[in-house]
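Shown next, in structure tokens, is the structure this report addresses.
The values are calculated or read from the model by the stated rules, or taken from the named source; none is laboratory data. Because the structure is predicted, anything quoted here is derived from the model rather than measured. For neighbour counting, all protein chains shown are included, and Cβ atoms are generated from backbone atoms with ideal geometry for every residue, glycine included. These accessible areas exclude ligands, DNA and RNA; they are computed on the full protein's heavy atoms, side chains included. Shrake-Rupley method; radii C 1.70, N 1.55, O 1.52, S 1.80 Å.
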Amino acid sequence: MMDVVDVTVLAGAIDDVNQLSQKINDLLVGSVMSLMVVAAVVAAWAKTKSVVSAGVALVGGVALWFAVMNAAVFRDSVGEDIAPDSGTAKSAGAGYSVVRVIEPVPGDRR
């Protein structure tokens with residue numbers, strides 16, 4: 001049977017592993033994302049020799065990096081922002097859909 005001391009040591013070891021894995025994750029995400037942004041800017045510059053296209057690649061890469069770093073915030077806010085009854089056909093009422101039926105043109109054999 002496990003003693004109280006054993007449980008405390010095990011909990012400390014689990015906490016240490018969680019902290020280490022979080023640090024490794026942050027390092028990998030930071031280094032891989034920065035490498036990808038630099039690669040996108042260099043590729044855009046090499047292909048077009050344009051400062052504007054390299055700038056657009058930089059802005060796009062930074063925006064993607066921001067989205068990756070804040071993915072949990074975006075995931076959690078989606079349920080709050082989108083209501084199930086927020087459709088455009090409000091006059092039809094809840095549970096109804098607006099359907100448009102298109103009849104075939106006589107003589108048209110497509």
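Below are the figures for this structure:
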quantity	calculated
Exposure of I14 as accessible area (Å², to 10), given a probe of 1.4 Å and all protein chains	90
For region 43-70 and region 7-30, distance of Cα centres in Å	33
Estimated inter-spin distance, A13 and A67, nm [label 7 Å along Cα→Cβ]	4.2
With DNA, RNA and ligands ignored, accessible area of F74 (1.4 Å probe; Å², nearest 10)	90
